[in-house]
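What follows is one structure encoded as structure tokens, with my remarks underneath.
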Amino acid sequence: MVSNATAGLTCPSPMKPTSNGIFQGDNPLQFSLPLAILQICLVVVVTRGLAFILKPLRQPRVIAEIIGGILLGPSALGRSKSYMQAIFPPKSLPVLDTLANLGLLFFLFLAGLELDPKSLRQTGKRALGIALAGISLPFALGIGSSYVLKETISKGVNGTAFLVFMGVALSITAFPVLARILAELKLLTTDVGRMAMSAAAVNDVAAWILLALAIALSGTGKSSLVPLWVFLSGCIFVVCAILIVPPIFKWIAQRCHEGEPVKETYICATLAAVLAAGFVTDAIGIHAMFGAFVIGVLIPKDGPFADSLVEKVEDLVSGLFLPLYFVSSGLKTNIATIQGLQSWGLLVLVIFTACFGKIFGTLLVTLLCKATLREALTLGFLMNTKGLVELIVLNIGKDRKVLNDQTFAIMVLMALFTTFITTPIVMAIYKPEKRKRMADYKNRTIERKNPNTQLRILTCYHSARNIPSIINLLEASRGSEKREGLSVYALHLMELSERSSAIIMVHKARKNGLPFWNKSQQSDANHVVVAFEAFRQLSHVSIRSMKAISSMLGMHDDICNTAESNRAAIIILPFHKHQRVDGSLETTRSDFRLVNRKVLEHARCSVGILVDRGLGGTTQVAASSVSYFIMVPFFGGCDDREALAYGVRMAEHPGIRLRVIRFIVEPESMGEIVRVNIEAASSKLRSSDEEFLAEFKQNMAKDDSIKYEEKLIRNAADTIAVLSELKRCNLFLVGRRPECEAALDLSRSDDCSELGTVGGLLTSPDFSTTASVLIVQQYKSGASPNLTLQMEDESPDKDSESN
């Protein structure tokens, strides 16, 4: 009888790592490695797919990962036993949990790198008071609600540990998730955003301390002194780490120089130290992630060493291993356990308690700090954000039998709900008034009544690839000494992604406003900033380097606001394609095209798009060595006048020659050209063009570097033929919206409406030239909709445009 009973309780044999293949009769899903690969791929596809679906709702990716984990678990797909046995069999869970916790360990190391102890020491009294109120009241209410749960669905659990776990779970604020929400809503540099970031950082540290206490109290040791020994040992570990770790890593950081690769030995030693610290804290009886987090906090944040660590670790950890932790949580979450009116009532109670404690506690203290009700309420909802740390607390409580299945499911749904509502509610109750526009400055264009006034240019770039041509273009734009000079604002456009490095970047820069000014000495080490600084000193041009960190969907707002606040006359944007070695243009990122189109639509100054084919080569050209031939095809219209005004300014440089070709349609050939209904404004435009050209001809008579010609054309073919004769130049300056029937009739093989008809022709593969092209759109207050875009939107081939 005993042997039969034992046989009935035999555990399944452990899975072998690899199979011999399906041709030898092995099922890959019965072996740990191929099954783990399938699980990882499934998790990545589901979570990234959900993140894409939720992106229009501006939800942080953690929402998609939590929902993905729940869908893959017993709450949804897991209801099918065949699915669970095939994809997530019980014997595969130890391997899955091991990978998930390994990913969690290194992710918490990255989270420690995000947290700067110096910023915590600089936290003001207001932020500290808000953080303490946002912790203490929810913690107290969490303990109160735990008594209700303990008497209903959590009977027989460890009382003290359950109270602490519930208090910690309700009092947590997710610092990384909060930072991304603030950046997405462009609140990072508002008073509310700065206060929320400071308070959340304090809350984050307090949450880890409370979690360590909760873990210590949840031990299963028979002696009541065991939790005390665990907590004291943890404190000793932290003190020893503070004394030992910083000097070592400071020594390593001093040997890592900007622009040089960090030695593999240093990276390997650091990762080994993270694992060793995790082993120590796990041996103490706390979780291994604590050791990794402490090491991350103590590593110096200055210099390239910390950035190199993030670069080496984050993509693999965040992209592949960390999502497994959410699935591991989802496999433990069974929403079906929430049954009956009592269980759903308890869910409502927990959500209400969590929201009320955070929001009311934060609201009360914020109002006492003399903030407005709207700001206080917004801050309360922001501080109510949950995330990964919340799941860590709940999973540890579940593993240590402090939380049962039903309580765990209720708490996961609470975390999901409170985080999901943050973005829409904050958007609804806090709509910061648009920045007060500066006094309505007149010089929003290059064409102006007094051309000698200062020209302000906002030039944008995505990477160092754009820098040489931008600097060479700025050198050509200096003008003569009789002018008031050139003022340049160089804006580095950086995408706020889900990577940890993006939050580190935001955390370092958020104090400087938006855009983030490079004021620190550390930023001067950046070779791009050094290049602009060298140009400033050599050319005596006023130049400021800035950076803007935002999502691609909102990047145009940063560009337009920066131009407005700095009174820029023109914004120069890089084209979304770059030149390959063979001379053809290749798409860098199609998202950049969307940014350019939105800037063209919303900017309250002139805009130029630079199609870079190596203006001046791949290096900065000294002022004395500049030798450019610039071509301006003039068809008529405000954009062409703007391009010519820019060309005239460039021609003042001693090393630049300018050639202007005016295209005139022969009257007897007008019927051959496809007409567009612009007759109503044609006489006024023609008059403006004639006045501008008359003044231009009068001034150019004194300048030998400018040559003016007129060409008679009959149709688009004549236009193309003339332009082909002019292709041996260094730069084309063209208007985006020419007011000429011959130009509007030009066929375009590359349908990029942001370049206009002429710009599209000059950048198409059919037009062979090595010249860069600057397409200019002049700002006109209350201008009519763009004619070219109207034509494109009405085209049946609208959806087939190439990127």
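Residue count for the range 88-117 satisfying the condition of being open to solvent by 30 Å² or more (accessible area, probe 1.4 Å) and over 27 Å from the mean Cα position of the chain (by Cα): 8. May I ask you to verify whether MET383 is at pLDDT 90 or above, under 24 Å from the mean Cα position of the chain (by Cα) and either under 30 Å from PHE109 (Cβ atoms) or open to solvent by 40 Å² or more (accessible area, probe 1.4 Å) (or both)? The answer is yes for MET383. Regarding the range 737-744, can at least one residue be identified that is part of a loop (DSSP other than H, G, I, E, B), farther than 22 Å from THR770 by Cβ and among the hydrophobic types (A, V, I, L, M, F, W, C)? Scanning the range 737-744, I find at least one residue that is part of a loop (DSSP other than H, G, I, E, B), farther than 22 Å from THR770 by Cβ and among the hydrophobic types (A, V, I, L, M, F, W, C), so the answer is yes.
When you scan the range 24-79, how many residues do you find that are open to solvent by 30 Å² or more (accessible area, probe 1.4 Å), touching an Asp or Glu at 6+ places or on another chain (Cβ under 6 Å) and under 18 Å from LEU388 (Cβ atoms)? Number satisfying all stated conditions: 1.
Under the condition of being surrounded by fewer than 23 Cβ atoms within 10 Å (Cβ to Cβ) and either among the charged types (D, E, K, R) or free of Cβ contacts under 8 Å to residues at least 60 places away in the same chain (or both), the residues counted in the range 176-203 number 4.
Yes or no, residue by residue, for (1) surrounded by 24 or more Cβ atoms within 10 Å (Cβ to Cβ); (2) free of Cβ contacts under 8 Å to residues at least 12 places away in the same chain; (3) not acidic (Asp, Glu):
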{"site": "LEU271", "(1), (2), (3)": "no, no, yes"}
{"site": "LEU275", "(1), (2), (3)": "no, no, yes"}
{"site": "VAL280", "(1), (2), (3)": "no, no, yes"}
{"site": "ILE284", "(1), (2), (3)": "no, no, yes"}
{"site": "ASP307", "(1), (2), (3)": "no, no, no"}
{"site": "LYS312", "(1), (2), (3)": "no, no, yes"}
{"site": "TYR325", "(1), (2), (3)": "yes, no, yes"}
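If you go through the range 286-296 and keep only what is open to solvent by 20 Å² or more (accessible area, probe 1.4 Å) and either among the β-branched types (Val, Ile, Thr) or at positive phi (or both), you end up with just VAL294. Scoring LEU685 on the criteria (1) at pLDDT 80 or above; (2) under 24 Å from SER606 (Cα atoms); (3) surrounded by fewer than 19 Cβ atoms within 10 Å (Cβ to Cβ) leaves a single failure, condition (1).
The residue that is surrounded by the fewest Cβ atoms within 10 Å (Cβ to Cβ), among those in the range 245-268 that are at pLDDT 90 or above and either of a type in the set (Val, Ile, Thr) or not in a helix (DSSP H, G or I) (or both), is THR265. When residues in the range 752-762 are screened for being open to solvent by 10 Å² or more (accessible area, probe 1.4 Å) and in contact (Cβ under 8 Å) with a residue 60 or more places away in the chain, 0 of them pass.
Okay, residues lined up against (1) modelled with pLDDT under 85; (2) within 17 Å of VAL632 (Cβ to Cβ); (3) buried (at least 24 other Cβ atoms within 10 Å of the Cβ); (4) of a type in the set (Ser, Thr, Tyr):
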residue	(1), (2), (3), (4)
ALA717	yes, no, no, no
LEU726	yes, yes, no, no
ASN730	no, yes, no, no
GLY735	no, yes, yes, no
GLU739	yes, yes, no, no
SER747	yes, no, no, yes
ASP766	yes, no, no, no
SER772	no, yes, yes, yes
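Among residues of the range 84-103 that are farther than 12 Å from LEU324 by Cα and without any contact (Cβ under 8 Å) to a residue 40 or more places away in the chain, none has a beta-carbon under 9 Å from a residue that is in a helix (DSSP H, G or I) and of a type in the set (Asp, Glu) at least six positions away or on a different chain.
The values are calculated or read from the model by the stated rules, or taken from the named source; none is laboratory data. What you see is a predicted model; the values in this text were computed from it and never measured. Ideal geometry is used to build each Cβ from the backbone, glycine not excepted, and the neighbour counts take in all protein chains shown. Remember, those area values only see protein heavy atoms, side chains included, never the ligands or the DNA or RNA. Shrake-Rupley method; radii C 1.70, N 1.55, O 1.52, S 1.80 Å.
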